[in-house]
């Protein structure tokens, strides 16, 4: 626990409060590092699924396996199937604890994953509805939830191939079997929503997903895509967020607002999470980013909620500009990885 001595205070008693089962479970798992076989962790995980916010999200699921509206699940934001599964993953939900999670994962894959490996945001399920932030978010979430579906292999291949550009035709070549589209319009995280320039928000989700893919399952193509993504994010000092801005003269201020949950808007902490998941937590190129993360803690070793979705999803996860357990857990995971 020596890495915790670097904090300004000890947030662990606060995170382990018995009346808040969701953060308590994740603190036991990720901060203390209890084994999956540990009886205390297993008990905390069961309680988090039955009493915490995980239970509330699951209570809104339709018996068929979707949230809010049948179909591909992108809309309505942020209470449909796509967002419910992303949120459940961030809350620490797992298929082993509730069969409804497995049903929701299968429903999404059945209805939103195309034959070409694209997750579609369009109600008709067209592959043209693909975009990096959606693809990366869902692959990260599904693997984080414990979904083991062979159909995800094609989704990872599509994501890797469209990152490197290997074997993908221009979006103008409408007869090509594999091509880019108006949203996912080019390699290196290029996105139509970012004036066809590489989008770091989308790229961050892609890198998070690659980090969740076990090393033994990373094909040479995936490894090349990971390296290309690493080169992109380290192409500038990540703390500056000075990545291409298609429509604005400077980076979005949201980069410096640490939030929960995290949907398609991204913060600098998530860059650190993505690169940490790929083994770069101790890389010197992340040193300024790690300093920013440390500097944002209060005197009790807690982090504030600076961006949220209150009123847009099923419940609030804390008050803005107040110490927040979910954001604190995000920060502590990264700092722990950098120090151990």
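The values are calculated or read from the model by the stated rules, or taken from the named source; none is laboratory data. Note that the coordinates shown come from a computational prediction; the quantities given were computed from them, not determined experimentally. When we count neighbours, we look across all protein chains shown, and the Cβ atoms used for this are built from the backbone with ideal geometry, even at glycine.
Take residue 291 and decide whether it is farther than 18 Å from residue 189 by Cα, surrounded by fewer than 16 Cβ atoms within 10 Å (Cβ to Cβ), in contact with a helix residue (DSSP H, G or I) (Cβ under 7 Å, 6 or more places away or on another chain) and touching a residue at least 24 places away in the same chain (Cβ under 8 Å).
Here the answer is no, as residue 291 does not meet what is asked.
When you go through 162, 143 one by one, which is the residue that is out of contact with any helix residue (DSSP H, G or I) (no Cβ under 7 Å at 6 or more places or on another chain) and touching a residue at least 24 places away in the same chain (Cβ under 8 Å)?
Working: 143 fails: out of contact with any helix residue (DSSP H, G or I) (no Cβ under 7 Å at 6 or more places or on another chain).
One residue alone meets the criteria, 162.
Find all pairs meeting these conditions: Cβ atoms under 9 angstrom apart; at least six residues apart or on different chains; first residue within segment 225-247 and at positive phi; second residue in a helix (DSSP H, G or I).
Matching pairs, first to second residue: 241/200; 241/255; 241/256; 241/268; 241/271.
For segment 271-322, give me each residue that is part of a helix (DSSP H, G or I) and within 30 Å of residue 67 (Cα to Cα).
From segment 271-322, those part of a helix (DSSP H, G or I) are 271-277, 284-295; that's our starting set.
Within segment 271-322, 271, 273, 274, 277 qualify.
For residue 235, indicate whether it is more than 19 Å from residue 138 (Cα to Cα), modelled with pLDDT of 95 or more and assigned to a loop (DSSP other than H, G, I, E, B). Quick ask: steps written out before the conclusion?
Numbers: more than 19 Å from residue 138 (Cα to Cα): yes; modelled with pLDDT of 95 or more: yes; assigned to a loop (DSSP other than H, G, I, E, B): yes.
Yes.
Just the residues that are at pLDDT 95 or above and more than 14 Å from residue 262 (Cα to Cα), please, taken from segment 312-323.
Correct list: 319, 320, 321, 322, 323.
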